[in-house]
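The values are calculated or read from the model by the stated rules, or taken from the named source; none is laboratory data. Remember, predicted model here, so these are calculated numbers, not experimental data. Heads up, the Cβs are rebuilt from the backbone with ideal geometry, glycines too, and the neighbour counts pull from every protein chain shown. Surface accessibility is based on the protein's heavy atoms, side chains included, excluding ligands, DNA and RNA. Shrake-Rupley method; radii C 1.70, N 1.55, O 1.52, S 1.80 Å.
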Amino acid sequence: KSSEHYLYTMMRYLFLTLLSAAFIGQFFIDSGVKRILFDDSNPGSIIECTIIEVVGQSQRNEEVDKYNYTGNNNKDTFLACISDPDDFVRTISGPNLEKHNSTLVRGARVRFADVLVTMSKIIFSEGSKIEIVKQEPDSSSRLASISSSSSRRGRRLQSLEIETTGTRRILVIRVTTSDGAVSYDSATISDKVFGTNGNTNTPTALYQDCSFGQLDFQPSTADGAVNGVIEVTVDLPTPKSSNNVSNFDIMNEAWLQLPGTVSYPDHHLLFALPKSTVNYKYFGFYSALRSIFNDEYITSPIAVAQALALNFGVHRSLSSSYEPFGDLSDYMSLQDYETDLNAYHKMCFNAVKNYQFGWYSARSIDVDITTQSWTGTLVATADYDQAAAGEYVLIKLGFFYIQYNKKKGIIAEIQEHGDTIAAYVYSEPISISAFQLNNAGTDAIASGDTIEICSMSTTPAGVDFAVVSIHNFANGQVSLC
């Protein structure tokens, strides 16, 4: 945000604080159709915000379940949004929200009326109203739409709205509360995230490697930041089960204190909070640029790398049997940090996420075998920078995404599906599953579509590749092996 916006926000916040003292906490901002009322006793506010998180109960993970999120009578959905004009992150709770599931989708711009608004919550009552100002943004920018009329087509894979190439800034906010401090000092956190003191196993190095240098995370140079870390103190206690303070409250208070030289949305903001008895490790907001870490987890390269991916809008991964965090060929499923904060693996993401990130787009192909078979060369992911024109490291076939996981280079320590060609299917908005192809023959995957691995070999220069044929016998097509 600009310095002018920062000054405006601070002046407004100070003014409202003083006004609240005079009027016993009942005050509001009236800005055209928007009115934010910080009044715990008067549920009559109007607020406008953009949905950044929608997680169904069956798809929840512990970070959401334990995120000090109380008072939600709708047991099926966790909702959060970024409010306008204060840029606070607030949870949304109340009765009968499930009837709005079709409209409260990630990316939607929504106006809520007759709700109670606090520092970190939007609370519904039976008389509350919802108006959709703008539906989710168009997702056709980088990924081709998937036709719903074809039997071999699946759901649309969302493109990422946040740039995944070039230089991006990270600002770690080390927050001290009125009764606690983060266990690690700023210098240690900086080294763990950026490698400023010689550490090489960092989340920023992982993105540099996996993108083949196309995405470069650098420490923020905002006013007050030292090697990408800034110290902030808030006059609130650390969230505990015994108090009514949430991590959103802490983050929003810290957000108000950030300097005007933090250029949002060019910065990823990582809020490191003192250890909380609320049982969570970290939480990254989908398609937003903020994450929260419970004390020491800000030093985990896996946790930080996953939070950054969530910021981009990349989802969790499931196994082929739909086990949460079950696809261990994908960095988004690793959970080693639960027992070893320093755990780090030289591996990257599965084919669906690689397609979303767009780093390999120059060597990606969308195959359509509606009328004829296709054959081509699939080069190992780790050899992307050596693939020639007309060779590919990613193949998209309907809602299947295929890559060659040769254990070498950037994925030398892949935990599953190594040294194989694997197909990953995009099935649900936040579900990714994978299965390993038969490297010695033919696999039928869906609607008669068949992938045949004709041969696998290595060039004299050490480039690993496979020749594959994709065809559909039911349509009278033949193998091109």
Report the FRET efficiency, 1/(1 + (r/R0)^6), for residue 256 and residue 126, where r is their Cβ-Cβ distance and R0 is 30 Å, rounded to 0.05.
0.40
State, as an integer percentage, the relative contact order of region 227-321 based on alpha-carbon contacts under 8 Å between residues 6 or more apart.
22
In nm, give the distance between the simple-model label positions of residue 413 and residue 105, each being 7 Å from the Cα along the Cα-to-Cβ direction.
3.9
What net charge do the residues around residue 202 carry, taking every other residue with its C-beta under 13 Å from that of residue 202, with Lys and Arg at +1 and Asp and Glu at -1?
-1
Which value, in debye to the nearest 20, describes the size of the charge dipole of region 200-274 about its Cα centre when Lys and Arg Cβ atoms bear +1, Asp and Glu Cβ atoms bear -1, and nothing else is charged?
180
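For a test of the definition: using alpha carbon positions, the gyration tensor, and the 1.5 limit on a/c, classify region 177-318 as rounded, prolate or oblate.
On the way: a/c = 1.61, a/b = 1.39, b/c = 1.15.
Judged from the Cα gyration tensor, region 177-318 comes out prolate (a/c at least 1.5, a/b above b/c).
If packing is taken as the mean number of other Cβ atoms within 10 Å per residue, what is the order of 469-479, 453-463, highest first?
Numbers: 469-479: 16.3, 453-463: 12.8.
Packing proxy ranking, top to bottom: 469-479, 453-463.
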Taking 27 Å as the cut-off for C-alpha to C-alpha distance, list the pairs among 99/134; 121/275; 353/408; 121/281; 281/396 that go past it.
281/396
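Percent of accessible area on region 195-241 owned by carbon and sulfur, 1.4 Å probe? Don't jump to the answer; show the numbers that get you there.
On the way: 880 of 2090 Å².
Ligands and nucleic acids excluded, carbon and sulfur give 42 percent.
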